[in-house]
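Below is one structure, written out as structure tokens, with a few remarks after it.
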Amino acid sequence: MQKMTPSLVASALAISLALAFPAAQADAGKTAVQEAPLRAHLAFLSSDLLEGRGTGQRGADLAVAYLESQALALGLKPGNGDSYRQSVRIAGVKTQAAESTLTLEAGGKPLDIGFGKDWVFAPGDATAAHSFNAGLVFVGYGIVAPDQQWNDYKGVDLKGKILVMMVNDPQPTADQPNRFNGKGLTYYGRWTYKFEEAKRQGAAGVLLIHTTPSASYGWSVIQNSWSGVERFQLAAGTLGTALQGWITDDAAHALFKAAGQDLDALRGAAESKDFKPVALAARVSGDMKAAVRKVEQFNVAAVVPGTDAKLKDEVVIYSAHWDHLGKQGQEGEGEAKADIIFNGAVDNASGSAALLAMAQEARRAPAKRSQMFLWVAAEEQGLLGSAAYASSPLWPLAKTAANLNLDSLNFVGATRDIGTEGSERTELGKLAETAAAAMGMRIAVAKPDLAGGYFRSDHFNFAKNGVPAFSIESGRDYVKDAEGAKAKAQAYGKRYHQVSDEYDPSWDLSGMVQTAQYTLNLGRLIANGAKLPEWKKGDAFATPRN
């Protein structure tokens, strides 16, 4: 467990007071992100006192209170009228499998499949009870992609149907090696997109066919996320279909065979843009029950107003999610006392702390455009806080120049390069190179995005709505002890989403400070630029800002 010692508390409070009364002689022309405040914020946000900052838990309330108090101490303007908070209404949903009578029927007979073992399901619309008697339709990849001249639905009326579909994208071919980004995953391949498109088609539900290669993770990941645990979704705005779920590859084969179809043959047909939906002699019937609770969480937004009479009406947004996984399980007593706090020091107390340290310097030297520091809620539950912001923005998206997101920063050491994958989709790519060169750095060589990383961080909800956006990540060319540093960075994989993701006072935060400084420098280039950055022509997200 990461304890917050009295000395660390005192340090955090002392720095808070110093931030509230900055030295009058501070040079307003310099924006040098300081390690001391960053380290103090990181230590406090990831301490046991904040209980892992879990959505709907006490630690979440403490984290929000800390962030808004620090924003006030820094002299930042509230981002939502006279408040730093933006309400995010969330529904916690837990499938009650024992009380549900949902069955899959094929060829007039129920299939012998079990919840968790063979399939999982939950409501996508935050409703506790549903009854179904709906036919199944196989829709291939379930994609409508005008930029790829692809439509798996072909105008077929699917209202009230349960759609069965594959995850990932249509695969590249010899004739079309770059279709759907070749080996890289596009957003059309993400399971979140599949659910969204099914809703637009008027479907009653979705069953995604799981395979480890197509999903990039095993069935156990699905079980852990859907079976016997509370999942979160937005409780307002555009909700999902009544049923959302997954089915194993083996169960899907049995389903299709009982329905008189060959799943493998249909998969092959679905690789062609000529594919049309295929109705199955199968149904989902029965009742689905779930425990549903509504909770209110908050994004925290603070602003440094711009200095230019006209450009101050436009904004650059720096974002980071403040939440992690909170407390899980039973603590126990005595020697059996277990660590149940998922502190989330790297993920993402690091990004949240960096934003506070950056805001301190932005306040000292404002830019022409305004700058917003946005800490979003419930990223770990599906980017919910940033989705809520994008649907009800505190600053018009049409006047939002860019979003630069920070998540899980470099705790190992300074690097000669910096990660900006996704920036190349917009004019931000060139600015990213300029900012790196000014710091004696270079842009890290991009790797194929096989798992769709661009679509799995909070910046994506801005990108979906036309705002140039990407996440800034650590480079891999370490300045000191390259091999040892790489080993430390790789070892974090075992601590990711574990109770062992705790703050270590011995961490070399030079790389974290470097990333924060780079992000602020890039943001200032955008904030002082002559015009708003644009997407490259033909990009899937090159749509007007809402």
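So which residues in segment 186-214 are within 17 Å of the chain's Cα centre (by Cα) and of a type in the set (A, V, I, L, M, F, W, C)?
Correct list: TRP191, PHE195.
List the residue pairs whose Cβ atoms are under 6 Å apart, where the first residue sits in segment 473-498 and is in contact (Cβ under 8 Å) with a residue 24 or more places away in the chain and in the same structural domain as ALA432 (by TED's automatic domain parsing), the second is outside any loop (DSSP other than H, G, I, E, B) and hydrophobic (A, V, I, L, M, F, W, C), and the two are 6 or more positions apart or on different chains.
From segment 473-498, the pairs are GLY475/ILE418; TYR478/ALA485.
Could you please give the count of residues in segment 455-492 that are among the charged types (D, E, K, R), assigned to a loop (DSSP other than H, G, I, E, B) and within 17 Å of HIS321 (Cβ to Cβ)?
3
Just wondering, is there one or more residues in segment 427-448 that are surrounded by 21 or more Cβ atoms within 10 Å (Cβ to Cβ), under 20 Å from the mean Cα position of the chain (by Cα), under 23 Å from GLY538 (Cα atoms) and in contact (Cβ under 8 Å) with a residue 24 or more places away in the chain?
no
Could you list, in sequence order, all residues of segment 375-425 that are over 17 Å from the mean Cα position of the chain (by Cα), surrounded by fewer than 24 Cβ atoms within 10 Å (Cβ to Cβ) and hydroxyl-bearing (Ser, Thr, Tyr)?
Passing the criteria: only SER392.
Can you find even one residue in segment 153-166 that is of a type outside the set (Val, Ile, Thr), modelled with pLDDT under 90 and either touching a Lys or Arg at 6+ places or on another chain (Cβ under 9 Å) or buried (at least 21 other Cβ atoms within 10 Å of the Cβ) (or both)?
Checked segment 153-166: no residue is of a type outside the set (Val, Ile, Thr), modelled with pLDDT under 90 and either touching a Lys or Arg at 6+ places or on another chain (Cβ under 9 Å) or buried (at least 21 other Cβ atoms within 10 Å of the Cβ) (or both).
Across segment 227-244, what is the total count of residues that are over 20 Å from the mean Cα position of the chain (by Cα) and under 22 Å from LEU163 (Cβ atoms)?
4
Name every residue in segment 304-333 that is more than 27 Å from VAL120 (Cα to Cα) and crowded, with 24+ Cβ neighbours inside 10 Å, in order of residue number.
Of everything in segment 304-333, those that are more than 27 Å from VAL120 (Cα to Cα) and crowded, with 24+ Cβ neighbours inside 10 Å turn out to be VAL304, VAL315, VAL316, ILE317, TYR318, SER319, ALA320, HIS321, TRP322.
If I go through segment 269-303 residue by residue, how many of them are in a strand (DSSP E or B), among the small types (Gly, Ala, Ser) and surrounded by 21 or more Cβ atoms within 10 Å (Cβ to Cβ)?
Residues that pass the stated criteria total 4.
In this structure, is GLN176 assigned to a loop (DSSP other than H, G, I, E, B), closer than 27 Å to GLN148 by Cβ and touching a Leu at 6+ places or on another chain (Cβ under 7 Å)?
No; evaluated as a whole, the condition is false for this residue.
Can you tell me which condition GLY75 does not meet? The list is (1) touching a residue at least 12 places away in the same chain (Cβ under 8 Å); (2) surrounded by fewer than 17 Cβ atoms within 10 Å (Cβ to Cβ); (3) within 30 Å of ALA242 (Cβ to Cβ), and all the others hold.
(3)
To keep it simple, each residue is scored yes or no on (1) closer than 19 Å to SER319 by Cα; (2) touching a strand residue (DSSP E or B) at 6+ places or on another chain (Cβ under 7 Å).
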| position | (1), (2) |
| --- | --- |
| LEU428 | yes, yes |
| ALA435 | yes, no |
| LYS447 | no, no |
| ASP458 | yes, yes |
| ALA482 | no, no |
| ARG495 | no, no |
| VAL499 | no, yes |
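For segment 468-493, name all the residues that are charged (D, E, K, R), more than 15 Å from ASP417 (Cα to Cα) and within 20 Å of the chain's Cα centre (by Cα).
If the condition is that a residue be charged (D, E, K, R), more than 15 Å from ASP417 (Cα to Cα) and within 20 Å of the chain's Cα centre (by Cα), then no residue fits.
Go through LEU67, LEU62, LEU49 for me and flag whichever is closer than 15 Å to ALA345 by Cα, modelled with pLDDT of 95 or more, assigned by TED's automatic domain parsing to the domain that holds ARG363 and part of a helix (DSSP H, G or I).
Answer to the selection: LEU49.
Among the residues of segment 70-109, which ones are of a type in the set (Asp, Glu) and either over 30 Å from ALA259 (Cβ atoms) or part of a helix (DSSP H, G or I) (or both)?
Once the filter is applied, which keeps residues that are of a type in the set (Asp, Glu) and either over 30 Å from ALA259 (Cβ atoms) or part of a helix (DSSP H, G or I) (or both), segment 70-109 yields ASP82, GLU99.
Read through the list (1) among the hydrophobic types (A, V, I, L, M, F, W, C); (2) under 21 Å from the mean Cα position of the chain (by Cα); (3) not in a loop (DSSP other than H, G, I, E, B), then give the number of the only condition that ALA126 fails.
Only one criterion in (1) among the hydrophobic types (A, V, I, L, M, F, W, C); (2) under 21 Å from the mean Cα position of the chain (by Cα); (3) not in a loop (DSSP other than H, G, I, E, B) is unmet by ALA126, namely (3).
Name the pairs: first residue in segment 308-320 and in contact (Cβ under 8 Å) with a residue 12 or more places away in the chain, second residue of a type in the set (Val, Ile, Thr) and assigned to a strand (DSSP E or B), Cβ to Cβ under 7 Å, at least 6 apart or on different chains?
Hits for this filter: VAL315/THR400; ILE317/THR400; SER319/VAL376.
Would you confirm whether or not segment 523-532 contains a residue that is under 19 Å from the mean Cα position of the chain (by Cα) and either in the same structural domain as LEU356 (by TED's automatic domain parsing) or assigned to a loop (DSSP other than H, G, I, E, B) (or both)?
There is no residue in segment 523-532 that is under 19 Å from the mean Cα position of the chain (by Cα) and either in the same structural domain as LEU356 (by TED's automatic domain parsing) or assigned to a loop (DSSP other than H, G, I, E, B) (or both).
Considering SER319, SER370, which residue is under 27 Å from LYS488 (Cα atoms) and touching a Phe, Trp or Tyr at 6+ places or on another chain (Cβ under 9 Å)?
Of SER319, SER370, the one residue that is under 27 Å from LYS488 (Cα atoms) and touching a Phe, Trp or Tyr at 6+ places or on another chain (Cβ under 9 Å) is SER319.
So, of the residues in segment 199-237 that are in contact with a helix residue (DSSP H, G or I) (Cβ under 7 Å, 6 or more places away or on another chain) and within 26 Å of GLY155 (Cβ to Cβ), which turns out to be surrounded by the most Cβ atoms within 10 Å (Cβ to Cβ)?
Among those residues, the one meeting the criterion is VAL206.
In segment 179-236, which residue that is part of a loop (DSSP other than H, G, I, E, B) and hydroxyl-bearing (Ser, Thr, Tyr) is modelled with the highest pLDDT?
The residue in question is THR211.
Which members of segment 493-503 meet the condition of being assigned to a loop (DSSP other than H, G, I, E, B), surrounded by fewer than 21 Cβ atoms within 10 Å (Cβ to Cβ) and of a type outside the set (Val, Ile, Thr)?
ARG495, TYR496, HIS497, GLN498, SER500
The values are calculated or read from the model by the stated rules, or taken from the named source; none is laboratory data. Computed from a predicted model, the values in this text were never measured in an experiment. Heads up, the Cβs are rebuilt from the backbone with ideal geometry, glycines too, and the neighbour counts pull from every protein chain shown.
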